[in-house]
Amino acid sequence: MASKQYNPYYANSHALIIGIDAYAAFPALSTATKGAESLADLLVSELDFPADNIITLLNEEASQRNIRRKLTDPFSRLNKVGPDDRVLIYIAAHGVTLDTAVGEVGYIVPADAEPAYEDTLLAMDELTHTAAERIHAKHVLFLIDACFSGFATMRGDARARQIETYLSNPTRQVITAGTRDQAVSDMWGPDGHALFTGFLLQGLRGAAPMPGGILRAFHLAGYLQDQVAQHSRSHQTPQYAQLMGSQGGDFVLAIRPVEELPQRLLSLANSHDPTQRLIVVSELREFCEDVDNAKQAATALAAIQDLANDDRDLMVRSAARAALRDLMPVTNVTKLEREKPIVAVPPVAFYEMDASEDDTQVGPRRRVTPEIFEPVPPTPVSQPDPKVKTRPNRPTMPVPPVQRSALSTPLWVLVGSLVIIAAAVGGLIWGDVLDVRRVLAQTESPAATPTLAILDLAEQGVSANEEWTPVVADMDGVPMALVPVGCLDRGAQGEICLEEPFWIDVNEVTNKQYGDFGRYSGDQVPRDSVTWSEAEAHCEARSARLPTDAEWDYVARGPDGLRYPWGDTFVPAYVVFSETAGGSSAEVGSRPFGASWVGVVDLSGNLREWVADADGDLRVVRGGSWALAAFAQATTYRTTLDPDSSMIDLGFRCARDY
């Protein structure tokens, strides 16, 4: 797209709405057309799209030829869609992924697609790259509710000033229902819609954050990621990306009225005293949480955003950014990786979301493979039973020296230490990680051995994370954390109960411990590029083993079932992931505040980890990595790989029987 200055308004609005339930050769969906029709009505009634500018293709109308024709005429015709217009393209349909000579490619399935003929499909890249380049409108937003749609993401006053910035620059954006390796739900969403579309409609009606009364695609994406991913029935995480041709704009969906804040607050916000501006952040936050005055809350949210971006004082900016993190869902931006992906990911195993064998029954959307276009039941997962222990004659072993982890220090000590550090350096930089272990080490004297009470508690078990104090022991030169008996409710996967304590490495196995380097050198860098058999052999040489899938889950989440090892809110500074890693893994333990309830670090981020379990011919991999986006850092993230896979973001840690 040629660089030019656009007007700070929309001259016109256009939409292409596609919903396909009925297929000639694919299993039927149940809510795609309902979602498409509801969105078309909402665009007219609430978002000021002219009814004559909305093209709706439902079921058999959504053939490959018709979709391509509409993308050409009117959307690629300069005399029909101008440079100051906005274009929204919504697709609810089946999606498939095919292995090609250049890797996996994602496709949308038109109504007339034929099994085994990929030329009857529509490549994601054709929609979000080729078509987007041909459309002259300054703003184009793709909303894709289809399986494996994540392939589309690989490749005056303050309020007036914000609107002008968003509308005066071009953008190409896409929000998809899930990642490239996720099947998405065709039901369970609000008002009987699919999960993605149901929350999309709610967000457009006002549930999504609107700082300054401006509903933007960026904040809509964050709302969808937050709502869909945390739904109890969800196995999908919406993705957001800016495509080629974006130059700083944002698709503005709606501008709604706001109310002025009290003059006292406005005066405080403009005070020369940073202490007064710190106070106003707290008061503005209270306005944002006032559900009875949404218009004034939107104004307060915009004021906090201005302080977070523009305030000249570091502490004020940090406080405002912290407030925004609590008030608004984080939008995880998928980086474009068209030419050289950071990590080549082999095909992973996918799971059906519906156990029904009758294709005529209404059910959630299923994956359709290129060879067989019928629903395929999932391969039974073979998992070691954590309750069954085969240790008939456990040898007596002296208890190794143990010290309390600094991470188990009471919260007031951590906070007090941070305040001291902050005073010394003159302020905190938002997003930085401060290693306070050296500070706290001076406040504790390590115990020589675990107390009897701790060992008794480990065997008796705990029912909540807070009941346990992390215990770390030196096992042949490797720090290992003691994990007490307990249970974890894994939702749809059922409850697991571990009936014996065990030990697990505090850190991922390092280059020094392994004996040589992987892709990245450094003694304390985790050893990557290890196959499953190599990982298993290393653990066995240490009289240890790979942890089971259930054990890994319990260590990461605890009886509380946390979404992240440290809690239920994602904190970028606690994780080595795609936005913070700098293109490679980091030394183990470099994010101490990301530790789990038993004192184990890097369960989110740094390297993905092999575990003992098999899934058919594949092996289970747990956790996120430095190469993956924020969605993959949740404790529930689970994939499977060929056991011979050797990847630069894949490592392991060992476990040991008690």
Binned Cα-Cα distance frequencies in the stretch 511-658 - 10 Å width, integer %: 13, 45, 37, 6
Charge sum, other residues only, whose C-beta stays under 9 Å from residue 569's C-beta, Lys/Arg counted +1 and Asp/Glu -1: 0
Solvent-accessible ranking of 654, 497, largest area first, probe 1.4 Å: 497, 654
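From the convex hull of the Cα coordinates of the stretch 169-275, what is the mean projected area in square nanometres?
With every direction weighted equally, the projected area is 10.0 nm².
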Cα gyration tensor shape for the stretch 525-609, rounded if a/c is under 1.5, else prolate or oblate: oblate
Cα shape, the stretch 440-598, gyration tensor, a/c 1.5 rule: rounded
Listed residues 9, 564 arranged by accessible area, highest first, probe 1.4 Å: 9, 564
Neighbourhood charge, 9 Å Cβ-Cβ cut-off, centred on residue 230 and excluding it, Lys, Arg +1 and Asp, Glu -1: -1
Values of log10 I(q)/I(0), in the order q = 0.18, 0.19, 0.22, 0.27 Å⁻¹, for the stretch 575-639 under a Debye, Cα-only, solvent-free model: -0.62, -0.68, -0.86, -1.14
Summed residue charge, Cβ within 9 Å of residue 13's Cβ, Lys/Arg positive, Asp/Glu negative: -1
Rg/Rh ratio calculated on Cα atoms of the stretch 1-99 (Kirkwood radius): 1.03
By average C-beta atoms within 10 angstrom, highest first, the peptides 580-586, 185-191, 500-506: 500-506, 185-191, 580-586
Solvent-accessible area of residue 139 with every protein chain in place, 1.4 Å probe, in Å² to the nearest 10: 0
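For the stretch 180-228, rounded, prolate or oblate, judged on the Cα gyration tensor with a ≥ b ≥ c (square roots of eigenvalues), a/c < 1.5 rounded, else prolate if a/b > b/c?
The shape class here is oblate.
The values are calculated or read from the model by the stated rules, or taken from the named source; none is laboratory data. Predicted model only: the values in this text are computed from it and were never measured. Methodologically, a virtual Cβ is constructed for each residue, glycine included, from the backbone with ideal geometry; neighbour enumeration extends over all protein chains shown. The area values use the complete protein model at the heavy-atom level, side chains included, leaving out ligands, DNA and RNA. Shrake-Rupley method; radii C 1.70, N 1.55, O 1.52, S 1.80 Å.
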